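Engineer: Attaching a single structure in structure tokens format; questions to follow.
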Amino acid sequence: MHSATIQLHALPGIPAVREGEDLARLIEDGLRQASLQLAPGDVLVLAQKIVSKSEGRLIDLASVKPGLAALQLAVEVQKDARVVELILSESRRVVRKRPGLLIVEHRLGYIMANAGLDQSNTGPNDGHEYALLLPRNPDASALRLREILESRHGPGLGVIINDSFGRPWRRGTVGVALGASGIPALLDLRETPDLFGRVLKTTVVGHADEIAAAASLLMGQADEGRPVVLLRGIRPECATRYAESPAAQLVRGPEEDLFR
């Protein structure tokens, strides 16, 4: 049995991000401050908020005009009708609702509260109310950033966009991968032997989600201000044994969903 060590580094000095911000440059500034250099096999995990802000997904609620469906649903769930309008605009369907809670199927397939819309640590303190939406295509966002970083620092990097999800039947939120590039989001271990030679039949590991959850330990959920984490030493055999796959593959399709 080989010993294994994973290093996690929260990059310092990442400022409040605005629309159009060069995330690669901010990451490089943080690496310099931490006296780190990127190496093959490194995975950078970014909080969804800084990606969404850089992509212009911060919405001033004063610009939102709710429709009839949003107005009616807002009364049911006791939420701001403008917020409900944004939630519906990002959703395929409403899954569950009750006062104070709105669970939807996001347009990207996630089952989540409020379509991922967030109002904490979002807009400037200018007297306006803001809401932050998820990136339009998190896998594409991760790919773009990885390509920029690899063009400057060499190949073999991974990028994950991380968000906090609640889970049915379990309390508390955990970090999950909304977007991934340069790593296998899923590790299909079926037909491989366990320690005793028994062949695994059902084991498929949410590899990108595990990395995202590990990074969340450093990122925090409140005022920590650590939105970028570098992970080093993540099972190097994964990069050669398993093909790269996007985070979209982590979403269970309706044909496999026994709870619909």
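The values are calculated or read from the model by the stated rules, or taken from the named source; none is laboratory data. From a predicted model like this one, the values you see are computed outputs, not experimental measurements. FYI the Cβ positions are ideal-geometry reconstructions off the backbone, even for glycines, and counts take in every protein chain you see.
Engineer: Identify, please: which residue in segment 166-195 is among the hydrophobic types (A, V, I, L, M, F, W, C) and outside any loop (DSSP other than H, G, I, E, B) and is, among those, nearest to Ala243 (Cα to Cα)?
Structural biologist: Leu187
Engineer: Could you give every pair whose Cβ atoms fall below 8 Å, whose first residue belongs to segment 178-199 and is closer than 18 Å to Glu147 by Cβ, and whose second residue is polar (S, T, N, Q) and in a loop (DSSP other than H, G, I, E, B), counting only separations of at least 6 or pairs across chains?
Structural biologist: Final answer for the pair search is Gly179/Asn137.
Engineer: Starting from residues that are surrounded by 10 or more Cβ atoms within 10 Å (Cβ to Cβ) and part of a loop (DSSP other than H, G, I, E, B), keep the ones in segment 240-256 and report whichever is modelled with the lowest pLDDT.
Structural biologist: Tyr242
Engineer: Enumerate the strands (runs of 3 or more DSSP E) found wholly within segment 9-121, keeping only those where 1 or more residues are more than 22 Å from the chain's Cα centre (by Cα) and surrounded by fewer than 19 Cβ atoms within 10 Å (Cβ to Cβ).
Structural biologist: 58-60, 91-98
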